[in-house]
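Chemist: Sharing a structure below in structure tokens format, with a few things to ask.
The values are calculated or read from the model by the stated rules, or taken from the named source; none is laboratory data. Remember, predicted model here, so these are calculated numbers, not experimental data. FYI the Cβ positions are ideal-geometry reconstructions off the backbone, even for glycines, and counts take in every protein chain you see. Each accessible area value is taken on the protein alone, full model and side chains, heavy atoms only, with ligands, DNA and RNA left out. Shrake-Rupley method; radii C 1.70, N 1.55, O 1.52, S 1.80 Å.
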Protein chains: 2
Amino acid sequence: MGYSDTDKLAINTIRVLAADATAHANSGHPGAPMGMAPVAHVLWNKIMKFNPKNPKWLNRDRFVLSNGHACMLQYALLHLYGYALSIDDIKAFRSVDSITPGHPEAHDTPGIEVTTGPLGQGISNAVGLAMAQAHTSATFNKPGFELVNNYTYCFLGDGCLMEGVSSEASSLAGHLQLGNLIAIWDDNHITIDGDTNQAFTEDVLKRYEAYGWHTLTVGDGENDLDGIEAAIKKAQEVKDKPTLIRLTTIIGYGSKLQGTHSVHGSPLKADDIKQLKEKFGFNPEESFAVPQEVYDLCHQAASRGAAAEEEWNQLFAKYAEQYKSEHDDLVRRLKGDLPEGWEKSLPVYTPADPAVASRKLSETVLNKIYGVIPELIGGSADLTGSNLTRWKGAIDFQPPSTGLGDYTGRYIRFGVREHGMGAIMNGLAAYGTLLPYGGTFLNFVSYAAGAVRLSSLSQVRTIWVATHDSIGLGEDGPTHQPIETLAHFRAIPNMMVWRPADGNETSAAYYVALTSKHTPSIIALSRQNLPQLEGSTIERAIKGGYVLHEQEGAQITLVSTGSEVCICIDAVKELAEKHNIKARVVSIPCTEVFDVQPKDYRLSVLPDGIPSLSVEVMSTLGWERYTHEQFGLNRFGASGAYKDVYKKFEFTPEGIAKRAIATVDFWKDVPNIRSPINRAFQQII
Amino acid sequence: MGYSDTDKLAINTIRVLAADATAHANSGHPGAPMGMAPVAHVLWNKIMKFNPKNPKWLNRDRFVLSNGHACMLQYALLHLYGYALSIDDIKAFRSVDSITPGHPEAHDTPGIEVTTGPLGQGISNAVGLAMAQAHTSATFNKPGFELVNNYTYCFLGDGCLMEGVSSEASSLAGHLQLGNLIAIWDDNHITIDGDTNQAFTEDVLKRYEAYGWHTLTVGDGENDLDGIEAAIKKAQEVKDKPTLIRLTTIIGYGSKLQGTHSVHGSPLKADDIKQLKEKFGFNPEESFAVPQEVYDLCHQAASRGAAAEEEWNQLFAKYAEQYKSEHDDLVRRLKGDLPEGWEKSLPVYTPADPAVASRKLSETVLNKIYGVIPELIGGSADLTGSNLTRWKGAIDFQPPSTGLGDYTGRYIRFGVREHGMGAIMNGLAAYGTLLPYGGTFLNFVSYAAGAVRLSSLSQVRTIWVATHDSIGLGEDGPTHQPIETLAHFRAIPNMMVWRPADGNETSAAYYVALTSKHTPSIIALSRQNLPQLEGSTIERAIKGGYVLHEQEGAQITLVSTGSEVCICIDAVKELAEKHNIKARVVSIPCTEVFDVQPKDYRLSVLPDGIPSLSVEVMSTLGWERYTHEQFGLNRFGASGAYKDVYKKFEFTPEGIAKRAIATVDFWKDVPNIRSPINRAFQQII
């Protein structure tokens, strides 16, 4: 306690930097950084434990700016405390190829833990980070070795609190009793449309108490630095509940327009910045000025962090002596590497093995690998028995007091909260010690679309176990049958969408998903049984696409995925026996992976000279990229036994043969048929 | 009050029908129907006002089954009360082409108000239905003419309460003081994974009180029929708050496995059904048996509803005499027709008009048409000033006590709640008197993906005003720049995705969106200014795609949408002047609409004989359907001034020309180039 004039100067430096940077960029959000500068200073300067020279130190406190539009606050802090973010980077705010983009991006900027901006995501990521901390400390801490004891701090605004994803994650955080999570609500009563009384009049603290959170209030977030510090310390003391601190602030504090929505998303005018600098004792003629004593004050705090890491390193070295295997395991995990030889545990199949639903094949993979990949942690959005995401004997990740599990548990009961689950997985992955997966029906991964695209953008390794992947789910009907879903996710950059056709392809999907350190995956899995295919191997399938069934003199290539591949194999017989047409079959379990294979390989799979037909029971959108003709379902499905539904839409050997014949006929007069693999120019990727 | 043995028999009939139907289908959810049969009976038999012979009567009470998997409950009720749903339809439960699919679908089954099953949607639709009621009554009721005074009743389960979309909609419902909304929570303590204590231990009633709801509890939902009735009547009396009734039930009541998750989603075994029937006095040898006195009891209630409608019809006839224009307006709205001549209000542009952002052009449309289309009601998810969704002088839809508007208001402050907004729009549209629109950034329509696909499936007319539609939004950066978004929504059946290039195309988009009674639309609009194009007209654009710039002897067709069309026009000049290449330009503002034009028209737009190149600044996925080559962005964008971002990715006349040259070159040796419009066979649509 006890704040000096230098503290106040540091706070005002943040405000002035935010005003300067947004004015310079002629774009951005000065209001929240100016209003939250005091709490940011208290938290970073007096409380948080971090080392700017090593932003990846395991036991650092995590800081999440859920109201990511306020990123000039975070960039200012990163700069002041000595992260690799220079004043020139601040000047480049919101300009092309800078490390200071319009919203914080974790993969580009040192010190940014998670990518935020889309509202509600950051606080949900923070729940994931806190869960990861709880699990990692329960797993690795030993008597005398409190290796992992960091907190997760999160700033969030009214917008984050209105978004459903934060409700989902917050409810779960309360259930999980995450005492290591401290969220600070920027209660400035302003959103873009104006006063929050237009749409947001609920009692937020009461709601969070209903979730099982501890709540606190600081009435003067601009001046009561002692109060802020006291509240955060009080929050730290509550070990069995996350805390929400309601911090009343004035948006754009210091501006002539403070307290209005005019300062939310537009730079201050020149005369306003002038008076701001004069009021705070800055030279109005200077921009991006940081007083040396402010740097000194911040670097002092950073030095304490560096010292703390040094102390921790010594502790960790001792830990290595006593707990070598745990130490080595942790070191390995932090590199993102899997244990050597883990892949030998992947199941391999031959055509003699019985037909099994690919969701069940996925369950077999999980049962085989959970023991050799201890960082694997996952669960389901209340569809465990359908997604088959739980290995035998798994311990649930639960507060011990529930009697249902403990924090070493690796099975998460997410509840019916797909979007929250997606955002939490992003947080779990960002922590550094875990490899998360989550199950739901493929159709309901769409509920989490906001989190899914951020997995891709922030380059984290998360895995969706997306079962019931088509009209093949049958009776549940069109409300549950994906049509647009694969097209949607295939269109996301840096996202692998897998749709394996059998056991070997399922193993391949997991192999690539687990070993791709910077790419998330969605594995689409069938409810219905699928035979083990002749010609499928893990080695072939990990290329994303391959020739499953070759045929000399073939007149057509059938290209398919997942549960339709085996029907294509039957169609080959139908075509040969009844129509004297020779067909070959290509399986493309993952277009994203196939796309990056060498062109000559891709052309060997989808060659020139013969026409091709894609077969997949959902939207054909996108298959034109690989095939000349497309058989799919550009309408909603139907409720009924799955075989009846497949028959209704003619996804039968006969239905495929009919369209294959039409394809051969339609292309017979075209000389030198060109494979769609051939392109006039390279795409920007 | 006072329930007879026949009431109990009616309740048990529902239970037995649910058991029989799920057993017969060998699929489905018997548990919730059996547990909720008592409250369903009380509500439908003693309280709700409806006429099964006219499921579209305006002033009927609305019933929403948010836990849609319990649909055998609703089908049983529809059958017992005399809707056009026979016992054979019940027997056809979950079979192909039945009107009793696995989850309730509004467009197919009489008496189903909204399509439910995806959890959290129904309760959010119910908020929309209640808002529509509040608005319609405030607008049309007159002294002595309480034309519209219906309630909206909604059943929901734990799953619905966990989903974020319901949190969003419920918070807004509390703010809006919707006393006409009564929700009944099936508190059976069971979800698919087992006891709710695994993931859902929040205090739900406290949370709803925090939202501003009135809450009630009925402790014995299986036997306390008087208590249920009293609670609903008490809820009706609270006029300024929605009510949530916590009704404790026993899932699968009557089954040997009652109270366990085994009865949630699997049919009862034969011996269990046998003992159930014996216990309830049914013949265990009979299936689908309905005692005549149960039909009689239910038909009596239905008759009361028919009489109520008859009385209402007389009131409405008198209303016609005193308030002819209001009467005619209401009759017209209920048919889904727009006022005659409304389209004359659509703005028309010439190339002499200034360049304007299409979000601004959209604002102009709204300002021109709001006066002539009184059923138009809409708002924004807290981005009013960015989406430009509010016409000048609009009154906000608000409880009068807030002093911010009243219930006749047609501008809705949705708050930062995109998914809630989407689901609420579905409810607003389903009510029958309104035509809703909602604004957000295109990228955040994805947050509402769950509701968006249900708009399409349930065939309602909703309009998304989706601004900031590309990397052209500039500085906000990749977190806000759509890449996969258009591919996602274009892949949804029965969804129009519009991306207008200028003023006339914006008017065309609104024209088709507003006049398509059974199809929702997403209108993607630019942040940046766009010139008014030579060659664009409303008449051409309403075909979804047209030749904007024809060119004799053209060597390439440039195909584009939205903000890239004008760059293509510049590329034509670049190609002609610097490279001696003749290019024509096609604008396809809406592929869904273009696809249903006659083939000869489509071939005239995208003819055989020359290659084509699509140009759109996002994922190219799907453009292979229309063009030979594709220029797009299969990676995330960048934060910076929009012109810098366009330049970075070469979306300039020069960048397009470069790829056009490559395209011409690549296709020059191919004889008889075939337009992608030509297909070997018809798709299933």
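Chemist: Nearest 10 degrees is fine. How inclined is helix B:418-431 to the longest principal axis of chain B, computing both from alpha carbons?
Modeler: With rounding to tens, the tilt is 70 degrees.
Chemist: Now for a different question. Determine which chain A residue has its Cβ at minimum distance from the rotation axis mapping A onto B, giving the value in whole Å.
Modeler: For the rotation taking chain A to chain B, the closest Cβ gives A:G164, 1.
Chemist: How large is the translational diffusion coefficient of chain B in µm² per second when you combine the Kirkwood radius over alpha carbon pairs with Stokes-Einstein at 10 °C and 1.306 mPa s?
Modeler: Numbers: Rh = 26.9 Å.
For the chosen part, D equals 59 µm²/s.
Chemist: On full extension of the chain, what length is gained from B:A230 through B:N197, given 0.36 nm per residue of separation minus the C-alpha to C-alpha distance? Don't skip to the end; give the middle numbers.
Modeler: Details: separation 33, 0.36 × 33 = 11.88 nm, distance 2.92 nm.
Separation in residues times 0.36 nm, less the Cα-Cα distance, equals 9.0 nm.
Chemist: Based on the Cβ-Cβ distance of A:A576 and A:K643, what FRET efficiency does E = 1/(1 + (r/R0)^6) give at R0 = 30 Å, to the nearest 0.05?
Modeler: 0.80
Chemist: In addition: At a Cα cut-off below 14 Å, give the aspartates and glutamates reachable from A:K269, other chains included and same-chain residues fewer than 8 away excluded.
Modeler: Within reach: A:D20.
Chemist: To test your reading of the geometry: what angle, between 0 and 90 degrees and rounded to tens, separates the Cα axis of helix B:324-335 from the longest principal axis of chain B?
Modeler: 80 degrees
Chemist: Beyond 18 Å between alpha-carbons counts as too far, so tell me which of B:K360/B:K517; B:K335/B:K392; B:K335/B:K517; A:K368/A:K392 fall in that bin. All intermediate terms of the calculation are to be shown ahead of the outcome.
Modeler: On the way: B:K360/B:K517 25 Å; B:K335/B:K392 28 Å; B:K335/B:K517 9 Å; A:K368/A:K392 10 Å.
In this structure, B:K360/B:K517; B:K335/B:K392 lie more than 18 Å apart at Cα.
Chemist: Can you work out the PRE-style zone for B:I395? Point 7 Å along Cα to Cβ, and I want the residues of region A:172-207 with backbone N under 20 Å.
Modeler: A:198-199
Chemist: What does the structure give for A:640-646 when I average, per residue, the other chain Cβ atoms found within 10 Å of the residue Cβ? Display every interim value, and only then the final one.
Modeler: Details: counts 10, 6, 0, 1, 3, 2, 0.
Mean partner shielding for this stretch: 3.
Chemist: Right, something else. Please report, for A:Q314, the nm distances (one decimal) from its label point, 7 Å out from Cα along the beta-carbon direction, to the equivalent points in the remaining copies, shortest first.
Modeler: A:Q314 label point versus its equivalents elsewhere: 9.4 nm.
Chemist: A further question on this structure: Return the distance in nm (one decimal) between the two label points of a simple spin-label model at A:F145 and A:E278, each offset 7 Å from Cα along Cα→Cβ.
Modeler: 6.2 nm
Chemist: Considering only the label points, 7 Å along Cα→Cβ from Cα, what distances in nm to one decimal separate B:A84 from the same position in each other copy, shortest first?
Modeler: With the label placed 7 Å along Cα→Cβ, B:A84 yields 7.0 nm.
Chemist: What FRET efficiency comes out for the pair A:V596/B:K206, r = Cβ-Cβ distance, R0 = 41 Å, nearest 0.05? Walk me through the numbers on the way to the answer.
Modeler: On the way: r = 52 Å, r/R0 = 1.26.
Calculated transfer efficiency: 0.20.
Chemist: Additional query: Considering only Cα-Cα distances, which of the following residue pairs are longer than 30 Å: A:K543/A:K648; B:K582/B:K647; A:K56/A:K206?
Modeler: Numbers: A:K543/A:K648 33 Å; B:K582/B:K647 24 Å; A:K56/A:K206 36 Å.
Exceeds cut-off: A:K543/A:K648; A:K56/A:K206.
Chemist: If every alpha-carbon in the protein assembly as shown counts as one equal scatterer, what log10 I(q)/I(0) does Debye give at q = 0.07, 0.08, 0.09 1/Å?
Modeler: -0.72, -0.97, -1.25
Chemist: Nearest 500 deg cm²/dmol is fine: what mean residue ellipticity at 222 nm does chain B get from its DSSP H runs of n ≥ 4 alone, each adding -39,500 (n - 2.57), divided by its residue count? Display every interim value, and only then the final one.
Modeler: Details: 25 runs with 272 residues, N = 685.
Computed ellipticity for chain B at 222 nm equals -12000 deg cm²/dmol.
Chemist: For region A:625-658 and region B:207-229, compute the distance between their C-alpha centroids and round to whole Å.
Modeler: For region A:625-658 versus region B:207-229, the Cα centre distance is 47 Å.
Chemist: Then there's this: Compute the long axis of helix B:121-140 from its Cα atoms, compare it with the longest principal axis of the Cα atoms of chain B, and write down the angle in degrees, 0 to 90, nearest 10.
Modeler: It is inclined by approximately 90 degrees.
Chemist: At a Förster radius of 35 Å, what calculated FRET efficiency corresponds to the Cβ-Cβ distance of B:T652 and A:F288, to the nearest 0.05?
Modeler: Values: r = 32 Å, r/R0 = 0.90.
According to the calculation, E is roughly 0.65.
Chemist: Follow-up question, since we're still on this one. Pick out, from A:L257, A:L334, A:A302, the residue whose Cα sits farthest towards the positive end of the charge dipole of region A:218-349, with +1 on the Cβ of Lys and Arg and -1 on the Cβ of Asp and Glu.
Modeler: A:L257
Chemist: Where the only charges are on Cβ atoms (+1 Lys, Arg; -1 Asp, Glu), what is the dipole of the protein assembly as shown about its Cα centre, to the nearest 20 debye?
Modeler: Numbers: 124 positive and 156 negative charges, 235 e Å.
So the magnitude is around 1120 debye.
Chemist: Please identify the GluC sites (Glu not before Pro) of region B:131-234 that satisfy two criteria: DSSP loop assignment and at most 11 other Cβ atoms within 10 Å. Which are they?
Modeler: Numbers: sites: B:E146, B:E163, B:E168, B:E202, B:E209, B:E222, B:E229; in loops: B:E146, B:E163, B:E202, B:E222.
Sparse-neighbourhood loop GluC sites (Glu not before Pro): none present.
Chemist: Once you sort the root eigenvalues of the Cα gyration tensor of region A:544-667 as a ≥ b ≥ c, which label holds: rounded (a/c under 1.5), prolate (a/b larger than b/c) or oblate (the other case)?
Modeler: Values: a/c = 1.84, a/b = 1.23, b/c = 1.49.
Oblate shape, in that a/c is at least 1.5 and b/c is the bigger or equal ratio.
Chemist: Calculate the spin-label point distance for B:Q300 paired with B:I673, positioning each point 7 Å from the Cα along the beta-carbon direction, and give it in nanometres.
Modeler: 7.7 nm
Chemist: Between copies, how far apart are the B:K269 label points? List them in nm, one decimal, shortest first, with each point 7 Å from Cα toward Cβ, please?
Modeler: Values, ascending and in nm: 7.9.
Chemist: Same structure, new question: In square angstrom, rounded to the nearest 10, how much accessible surface does B:K279 have for a 1.4 Å probe?
Modeler: The accessible area of B:K279 comes to roughly 110 Å².
Chemist: Also: Separation between the B:A355 and A:K91 pseudo-spin-labels, each 7 Å from Cα along Cα→Cβ, expressed in nm?
Modeler: Calculated label separation equals 2.9 nm.
Chemist: Magnitude of the Cβ-charge dipole of region B:297-346, K/R +1 and D/E -1, about the Cα centre, nearest 20 debye?
Modeler: In debye, rounded to 20, region B:297-346 gives about 80.
Chemist: Compute the separation of the alpha-carbon centres of region B:572-591 and region A:107-140 and state it in Å as a whole number.
Modeler: After rounding, the separation between the Cα centres reads 48 Å.
Chemist: Moving on to the next point. Rolling a 1.4 angstrom probe over the protein chains, ignoring ligands and nucleic acids, what is the accessible area of B:M162 in square angstrom, nearest 10?
Modeler: Surface open to solvent at B:M162 totals about 10 Å².
Chemist: Quick one: net charge around B:N443, please, counting Lys, Arg +1 and Asp, Glu -1 for every other residue with C-beta under 13 Å from its C-beta. Don't jump to the answer; show the numbers that get you there.
Modeler: Working: positive: A:R453, B:R527; negative: B:E418, B:D469, B:D476, B:E484.
Every neighbour counted, the sum reads -2.
Chemist: Right, here's the next one. Around A:K277, what is the net charge, scoring Lys/Arg as +1 and Asp/Glu as -1 over all other residues with Cβ under 12 Å from its Cβ? Don't skip to the answer; put the middle values down first.
Modeler: Working: positive: A:R15, A:K274, A:K279; negative: A:D20, A:D271, A:D272, A:E278, A:E285, A:E286.
Here the charged neighbours net out to -3.
Chemist: Right, another one. So how exposed is A:D226, as accessible area in Å² (1.4 Å probe, rounded to 10)?
Modeler: Surface accessible to solvent at A:D226 totals approximately 70 Å².
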